[in-house]
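Beneath this line is the structure, given in C-alpha cells, with notes to follow.
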Amino acid sequence: SDDDDDEEEEEEEEEVGMRIRHPFFGFSTAFTPMASAHTFPTLIPAPPPRCRQCPDYVPPPPTILMGGGAGPSDTATTPPPYTCPRVGANHLLCWCCHQPMPDRRVSSPDPTLPPQKCELCGQAFCHMYWGCRKVGCRGCLAAFKDLKFDENLLSCLVVENLYESRVLKDHLASCGLSLSDLLAVVCAKLASGEYSTTDVRLSSDTTTCYACGLKGLRELAYLYRRDIPHDDLPGEVTGRPDCYWGRNCRTQRNKPLHAQRFNHICEQTRH
C-alpha cells in the first residue's frame with residue numbers, strides 16, 4: 001500500500017541520512033549530518049623536521065633536490081661533525097633552499113662553528129654550514145668580501161639606472177676590471193673609511209646573505225661611479241646637466257631617454 005511505501009522510504013532515509021541531488025550530474029549523493037554542531041576535525045600534527053645530521057634522516061630523491069643535484073656552494077663545504085638528538089632537536093630553515101639544518105647556536109656555542117645567520121637581516125642560510133643544495137646558489141651566506149655576484153648585475157647596478165650602469169660597466173671593461181675586482185676595491189675603501197653605506201654594520205668581513213650583500217654593493221657601486229674622474233669618461237657622459245632629483249629620481253628607472261639626457265650621479269636639489 002501507499003502507507004507501507006512511505007514507511008520504507010522514511011526508514012531508508014534514516015539509514016543513509018539525507019540525499020542531495022547534484023545540480024549538474026543528476027545523481028544523488030549520500031550525506032550524513034554531523035552529530036554535533038561543535039564537532040571539529042582532528043588535526044594531525046606535522047612530523048618534526050629532519051636534516052642531514054639527524055640520526056633517522058632519509059635523503060630525498062634527486063628530483064626533489066631542486067633540479068636533481070647540489071648547487072655550486074655544496075662542493076667545497078664540509079659540515080662540522082654533529083648528530084641531532086632524537087628528541088627536542090632545534091632546526092633552522094635555510095631561506096635559500098628551504099631545507100632544515102641543526103641550530104648550533106644554543107646547543108654548541110662554539111665560536112669556531114660556521115655562521116648560520118645573516119648579521120644584517122637575521123635570516124638563516126646553510127651555505128657556510130654545509131653548502132646550500134639549491135641549484136644556482138652562488139653562496140647564499142658569506143663574508144661580504146667573499147660573495148660571488150653574477151657579472152650580469154653590472155647591467156643595472158647603479159641606482160637601477162641602465163645608462164649609468166652601462167657607463168660603469170664600460171669603464172670597468174676599459175680598465176680590465178670585473179665585478180669581483182670592483183667588490184675588492186670598494187671593500188678596501190669601506191675598510192679605510194672612505195666609503196660607507198646606509199647600514200653602518202656592513203664591513204668587508206660582515207657575514208651577509210646574498211640579498212643584503214647586493215644592497216650594500218649597489219650603494220658602494222654608486223660611490224665608485226661618482227668618483228670616476230671626468231677625464232676618464234666620454235664627453236656625452238660628462239656634458240649632461242644634472243637632474244633635479246639626482247640619485248633619488250624615479251623617472252630614471254622607467255624612462256631610458258631621461259636617464260640618458262640627464263646626469264643622476266648627484267644629490268637631489270629640488271624638494
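No lab work stands behind these numbers, since they all come straight from the coordinates. Everything numeric here is computed off the predicted structure, so don't read it as measured data. No Cβ is skipped: glycine too gets one built from the backbone with ideal geometry, and neighbour counts run over all protein chains shown.
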- prompt: What is the residue count in the range 87-107 for residues that are surrounded by 15 or more Cβ atoms within 10 Å (Cβ to Cβ) and in a loop (DSSP other than H, G, I, E, B)?
  reply: 7
field: Among (1) more than 25 Å from the chain's Cα centre (by Cα); (2) of a type outside the set (Gly, Ala, Ser); (3) more than 27 Å from VAL237 (Cβ to Cβ), the one test that VAL200 misses
entry: (1)
- prompt: Tell me, which residue of the range 202-213 that is in contact with a strand residue (DSSP E or B) (Cβ under 9 Å, 6 or more places away or on another chain) and hydrophobic (A, V, I, L, M, F, W, C) is surrounded by the fewest Cβ atoms within 10 Å (Cβ to Cβ)?
  reply: LEU202
message: I need a count of the residues in the range 226-250 that are out of contact with any helix residue (DSSP H, G or I) (no Cβ under 7 Å at 6 or more places or on another chain), exposed (fewer than 11 other Cβ atoms within 10 Å of the Cβ) and part of a helix (DSSP H, G or I).
response: 3
message: Looking at the range 207-225, can you tell me whether even one residue there is closer than 14 Å to LEU168 by Cα, in a loop (DSSP other than H, G, I, E, B) and hydrophobic (A, V, I, L, M, F, W, C)?
response: no
- line: With criteria (1) among the hydrophobic types (A, V, I, L, M, F, W, C); (2) out of contact with any His (no Cβ under 9 Å at 6 or more places or on another chain); (3) in contact (Cβ under 8 Å) with a residue 40 or more places away in the chain; (4) under 30 Å from LEU141 (Cα atoms), ILE265 comes up short on (4)
- prompt: Among the listed residues TYR163, TYR129, TYR222, which satisfies the condition of being of a type in the set (Ser, Thr, Tyr), under 18 Å from the mean Cα position of the chain (by Cα) and surrounded by 19 or more Cβ atoms within 10 Å (Cβ to Cβ)?
  reply: TYR129
